[in-house]
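Notes follow the structure.
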Amino acid sequence: MQRIVPNVWCQGNAAEAGAFYSAVLPETSSAVTMSYPMDDLPDFQRGYAGRPLIVDVTVGSYQIRLINAGNEFRPTPALSFILNVDPRLVDGGGDQARTRIHSI
């Protein structure tokens, strides 16, 4: 069971980022799990009415949460994810690992 879910701040493009990861990474899916309400938003969020707020991305069995918001905070290189295709850990060994790398 994953106890810590990384939350990544996106600048209005969480759904697009989730769709991109789903398209390029094997065993990956994304889904909008919460949207901004249509009414009663503060002025600074009105442009987000009805748009995705939270997009959950699952890579294998690992969950990442993308939060759709504004440009209050800039993306930071302090957060990175590494996709491990070590041939010792991939069923089928080196050939399967190479195939997996080339499919990404």
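Every number here is computed from the coordinates shown, using simple stated rules; none is lab data. Note that this is a predicted model, so its numbers are computed, not measured. Every residue, glycine as well, gets a Cβ built from its backbone with ideal geometry; the counts of neighbours run over all protein chains shown.
Data table
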{"read-out": "FRET efficiency, residue 33 to residue 82 (Cβ-Cβ, R0 30 Å, nearest 0.05)", "value": "0.75"}
{"read-out": "Qualifying chymotrypsin sites (Phe, Trp or Tyr not before Pro) in the range 2-74, DSSP loop, other Cβ atoms within 10 Å at most 10", "value": "73"}
{"read-out": "Full-stretch length increase - residue 65, residue 41 - with 0.36 nm per residue and alpha-carbon distance subtracted", "value": "6.4 nm"}
{"read-out": "Net length gained if the chain between residue 74 and residue 11 were fully extended (0.36 nm per residue, minus Cα distance)", "value": "21.9 nm"}
